[in-house]
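Worksheet: one structure, shown below.
The values are calculated or read from the model by the stated rules, or taken from the named source; none is laboratory data. Just so it is clear, the structure is predicted and the values come from calculations on it, not from any experiment. A quick note on method: Cβ atoms are made from the backbone with ideal geometry, for glycine too, and the neighbour counts reach across all protein chains shown.
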Amino acid sequence: PTAIGKTGISFELAKLIECEIISCDSMQVYRGMDLGTSKPAKVLLDSIPHHLIDIIEPSEEFSVARFRSLAEKAIEEILFRGKTPLLVGGSGLYVKVLIDGIFEAPTTDRELRERLQQEAEEFGTGILYRRLQEVDGDSAGKIHANDLRRIIRALEVYEKSKTPISELKKKTSGLSGKYDIRIFGLNMERAALYRRIDERVDLMFSEGLVSEARALLEGNLSLTASQALGYKETFGYLRGEYDLEEAKRLVKRNTRHFAKRQLTWFRRDERVEWIMVEDGESPGIIAGRIMREYVNK
């Protein structure tokens, strides 16, 4: 989750293996949004090649599809150079779409769905399920014979695209269908993590988050950038909605909530290998432990 020390650990890992780092952070793509997104320090960016940091203006919208396209291109280039791509970040949807792909199904057809629904009501769900078995056996094998909603959706996709939904999903597979991937998740005792979050927020403000937010507010912000954690709350202070201490409190509270959501998201993925991090444990020690206990075992 956020504030656990991913940046420092990834830098130490990069010194142990020949790799380049790809940021999987939905907000680090924006130029001028440095403190609030905890971008790596310039000395780290200069010493280890990083990708997908500072690539667009805050006025631009950024989508998960665009991220996937840029990240896949960067991965191919890194592999061509004979190095290992190291993906670092906690934007769960971005990570999932890059690793597992995104299924872009045909748009729904209300008239077709109603016709299939009526057919099921008149002749039973079984007739639709048997039809699905004929046109898309793979999907039928994964859908319960009484799951009318999913049966109708699979038949709808087939009738509109003339391609089984199972085949469409294969064509949109992500990195997991092409490469050997290891996914590591970092965790920490909850009280220690929250303490680190509070300390990081205090540091962000002391280093000039308000000035950075003021400069952004004077420009043309995209909706995505305007909702960025840390900035959104600071914008409220700059608009006079509450005082600075309240802004800090809101950033700390919302960051803790965000960390909980991150943990919930990644815990659903059984492929994640979880590593407990002790508060105060140096990034170099943690990186060495990852290499010794997980990568080289």
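Based on this model, can you work out whether Ser226 counts as free of Cβ contacts under 8 Å to residues at least 40 places away in the same chain, polar (S, T, N, Q), within 18 Å of Asp25 (Cβ to Cβ) and assigned by TED's automatic domain parsing to the domain that holds Leu35? Judged against the criteria, Ser226 is a match.
For segment 57-133, which fully contained helices (runs of 4 or more DSSP H) count at least 2 residues that are exposed (fewer than 13 other Cβ atoms within 10 Å of the Cβ) and more than 12 Å from the chain's Cα centre (by Cα)?
Working: elements: 64-80, 92-100, 110-123.
In segment 57-133, 64-80, 110-123 are the helices (runs of 4 or more DSSP H) which contain 2 or more residues that are exposed (fewer than 13 other Cβ atoms within 10 Å of the Cβ) and more than 12 Å from the chain's Cα centre (by Cα).
For Ala145, indicate whether it is part of a helix (DSSP H, G or I), of a type in the set (Gly, Ala, Ser), farther than 23 Å from Lys96 by Cβ and not assigned by TED's automatic domain parsing to the domain that holds Leu70. No. Among the residues of segment 191-220, those that are acidic (Asp, Glu) and either within 22 Å of Ser59 (Cα to Cα) or crowded, with 20+ Cβ neighbours inside 10 Å (or both) comprise Glu212, Glu218.
Condition check ((1) within 29 Å of the chain's Cα centre (by Cα); (2) over 19 Å from Arg268 (Cβ atoms); (3) surrounded by 14 or more Cβ atoms within 10 Å (Cβ to Cβ)) across all residues:
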site: Gly141; (1), (2), (3): no, yes, no
site: Leu175; (1), (2), (3): yes, no, yes
site: Arg182; (1), (2), (3): yes, no, no
site: Glu189; (1), (2), (3): yes, yes, no
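Only one of the numbered conditions (1) farther than 26 Å from Glu12 by Cβ; (2) out of contact with any Ser or Thr (no Cβ under 6 Å at 6 or more places or on another chain) is violated by Met291, and that is (1). Restricting attention to segment 65-103, the residues that are touching a Lys or Arg at 6+ places or on another chain (Cβ under 9 Å) and either over 17 Å from Tyr30 (Cα atoms) or without any contact (Cβ under 8 Å) to a residue 40 or more places away in the chain (or both) add up to 7.
Could you look through segment 104-128, keep only residues that are hydrophobic (A, V, I, L, M, F, W, C) and touching a residue at least 40 places away in the same chain (Cβ under 8 Å), and pick out the one that is nearest to Ser26 (Cα to Cα)? Here the residue is Ala105.
If you check Ile21 against the conditions, is it surrounded by 15 or more Cβ atoms within 10 Å (Cβ to Cβ) and farther than 30 Å from Arg190 by Cβ? Break it down stepwise before answering.
Details: surrounded by 15 or more Cβ atoms within 10 Å (Cβ to Cβ): yes; farther than 30 Å from Arg190 by Cβ: no.
The answer is no for Ile21.
Across segment 16-39, the number of residues qualifying as of a type outside the set (A, V, I, L, M), closer than 18 Å to Lys73 by Cβ and without any contact (Cβ under 8 Å) to a residue 60 or more places away in the chain comes to 0.
Kindly establish whether Glu167 is among the acidic types (Asp, Glu) and either loosely packed, with under 13 Cβ neighbours inside 10 Å or closer than 23 Å to Leu87 by Cβ (or both).
Details: among the acidic types (Asp, Glu): yes; either loosely packed, with under 13 Cβ neighbours inside 10 Å or closer than 23 Å to Leu87 by Cβ (or both): no.
So Glu167 fails the test.
Given the condition over 30 Å from Arg149 (Cα atoms) and surrounded by fewer than 17 Cβ atoms within 10 Å (Cβ to Cβ), answer yes or no: does some residue in segment 31-39 qualify?
Yes: segment 31-39 contains one or more residues that are over 30 Å from Arg149 (Cα atoms) and surrounded by fewer than 17 Cβ atoms within 10 Å (Cβ to Cβ).
Residues that are closer than 25 Å to Gly101 by Cβ, at least 2 per element: which helices (runs of 4 or more DSSP H) completely within segment 169-271 meet that? The helices (runs of 4 or more DSSP H) meeting that bar are 244-267.
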